[in-house]
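Asker: Starting off with a structure, shown below.
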């Protein structure tokens, strides 16, 4: 619940609903506090702020509310209380079912042992809280009475189902989690373990009734990245009711953040053929514009950034990205086309372990120690050369170019293959070596300026950032390069992954409708030839002959 902003806003909404049903405001206030609003947090200061904010909001509508001593349904999640199994059995409490009560109390104590780390991710099932509350309502006081009461209250909140669950969850990648949290999410939330916001998406879905809704604002990574594919598979069996795809700077007043965010409402129920509404705000540069554009949608003005589509369309695209803006014709291409990896073979390449040590720009080393035209590993070894062209990706450039680096691959990469750290652990990864020195399709890992695909002549070793794909048929290579260097090729990649990193997995999923006549091959060859001539006019290239100005 954080410091309670969502609870306070929900209070205002609920007051309007109660008044519309004929309740007096002061009566509605008490009903809302007792029956409608629930919140949890692991931070005691956040809890205190939320409690205060909620009571002040209640005071706005009812002057006497502070005199009623209402206990709010907001709590901090209990942590290690130092209560043992033997302590529980010594509690002087009388329960209708004493054996069941002690069993349930043990479950609560065990699960809340790491409550300060796990918070509301903790789940309870089949605990008889009515039985526990009957025993706790006695006048008996024990050393651990307050701790037990709190565990029972919070445990009940974590077990019951809600009509609506809303949160701005914590954002934390797996690398930032401590061991307790990391082990927990790996075991209980394997589909969303990459980031805590994804874990909370699954947790909230479990907390609401099948007829209910859960709403969140998260990073948009879950919509596209392969690490969240299993999570998307689950969500596409539910119903996305609506979404504001906010993009960056949605909250500029509080820091100008550049995190890509999305806000959504989802129902756990699968409403077949439901057309969800998606507002695409990623292209609007600040929070004020995003707000104005959202208001325009609410007021039903004509907008070209409002999309409606069914989730069935997402399942037709490999990886099931939430690509709501894609046209029916393009979705049809995914259905009828071949996957890219059925046409060419995408492969990642060499990871040296230390590029500063093993790489040089070609002009930094002795020219006669470079083998520019090796066609295979045996050819490279037989040459006796130390340095070989290295495809590292590079800047935006289509068709041909970025022949800048050479790598130390002397004696079949002997030094790289045996490169270890201080503890003797191998640092390098010479992957897919059977594809080294082959001609290829290549594109850079980072595509912030758009997709740029090039032809790579034989003779190079490819890097993990110089993404590459291979075919024994050079006409196929030309055909794919031509297809991908179109605006449509760039758009398809953005459908599969709109981040700036174009991974091998995204490339594999691009649909290819093969034209057996390869009518574009001649145009592609001309483009490559012209771009090669342009590249070689640069005096920093190894094929430079003479300046065109002379």
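Asker: Does the stretch 142-191 classify as rounded, prolate or oblate by the C-alpha gyration tensor (a ≥ b ≥ c root eigenvalues; a/c under 1.5 gives rounded; else a/b over b/c gives prolate, otherwise oblate)? Walk me through the numbers on the way to the answer.
Answerer: Numbers: a/c = 2.50, a/b = 1.49, b/c = 1.68.
Cα axes put the stretch 142-191 in the oblate bin.
Asker: While we're looking at this one, here's another question. Taking the chain as the reference, fit the longest principal axis to its C-alpha atoms, fit the long axis of helix 474-484 to the helix C-alpha atoms, and give the angle between the two in degrees, 0 to 90, nearest 10.
Answerer: With rounding to tens, the tilt is 50 degrees.
Asker: Go ahead and run the numbers for FRET between residue 277 and residue 5, Cβ-Cβ distance against an R0 of 30 Å, rounding to 0.05.
Answerer: Rounded to the nearest 0.05, the efficiency is 0.80.
Asker: Taking 0.36 nm per residue of sequence separation and subtracting the Cα-Cα distance, how much length would be gained by fully extending the chain between residue 357 and residue 335, in nm to one decimal?
Answerer: Answer, rounded to one decimal: 3.3 nm.
Asker: Continuing with this model, one more query. Would you mind calculating the gained length between residue 251 and residue 134 on full extension (0.36 nm times residue separation, minus the Cα-Cα distance), in nm to one decimal?
Answerer: Answer, rounded to one decimal: 37.5 nm.
Asker: Nearest 500 deg cm²/dmol is fine: what mean residue ellipticity at 222 nm does the chain get from its DSSP H runs of n ≥ 4 alone, each adding -39,500 (n - 2.57), divided by its residue count?
Answerer: -11000 deg cm²/dmol
Asker: Just to be sure I understand the model, the point goes 7 Å from the Cα along the line to the Cβ. What's the resulting residue 35 to residue 164 distance in nm?
Answerer: 1.6
Asker: Would you mind classifying the chain by shape? Square roots of the alpha carbon gyration tensor eigenvalues, ordered a ≥ b ≥ c; an a/c under 1.5 is rounded, otherwise it is prolate if a/b is larger than b/c and oblate if not.
Answerer: It is prolate, given that a/c is not under 1.5 and a/b is the larger ratio.
Asker: Let me ask something else about it. Using only the alpha-carbon atoms, how far is helix 44-61 inclined from the longest principal axis of the chain? Give it as 0 to 90 degrees, nearest 10.
Answerer: It works out to around 60 degrees.
Asker: What's the angle, to the nearest 10 degrees (0 to 90), between helix 487-496's Cα axis and the longest principal axis of the chain?
Answerer: So the helix axis and the longest Cα principal axis differ by about 40 degrees.
Asker: Classify the stretch 373-466: rounded, prolate or oblate, from the alpha-carbon gyration tensor (a ≥ b ≥ c, eigenvalue square roots; a/c under 1.5 rounded; otherwise prolate if a/b is larger than b/c)?
Answerer: It comes out oblate by the Cα gyration axes.
Asker: Taking 30 Å as R0, compute the FRET efficiency from the Cβ-Cβ separation of residue 174 and residue 411 and round it to 0.05.
Answerer: 0.20
Asker: Need the full-extension length gain, residue 434 to residue 421, defined as separation in residues times 0.36 nm minus the C-alpha distance. One decimal, nm.
Answerer: 2.1 nm
Asker: Taking the alpha-carbon centroid of each part, what is the distance from the stretch 347-405 to the stretch 69-118 in angstrom?
Answerer: The two parts, judged by their Cα centres, are 64 Å apart.
Asker: Arranged from highest to lowest average of other beta-carbon atoms within 10 Å per residue, in what order do the peptides 408-417, 286-295, 223-232 appear? Present the calculation step by step, with values, prior to reporting the outcome.
Answerer: Details: 408-417: 18.2, 286-295: 15.0, 223-232: 20.8.
Descending packing order for the listed peptides: 223-232, 408-417, 286-295.
Asker: Quickly rank 450-458, 386-394 as a protection proxy: mean count of other C-beta atoms within 10 Å, highest first. Please list the in-between numbers first.
Answerer: Working: 450-458: 20.7, 386-394: 23.1.
Descending packing order for the listed peptides: 386-394, 450-458.
Computed from the coordinates by the stated procedures, all read-outs in this text should not be read as laboratory data. Please read these numbers as outputs of a predicted model, since none were measured by experiment. So basically every Cβ, Gly included, is an ideal-geometry build from the backbone, and we count neighbours across all protein chains shown.
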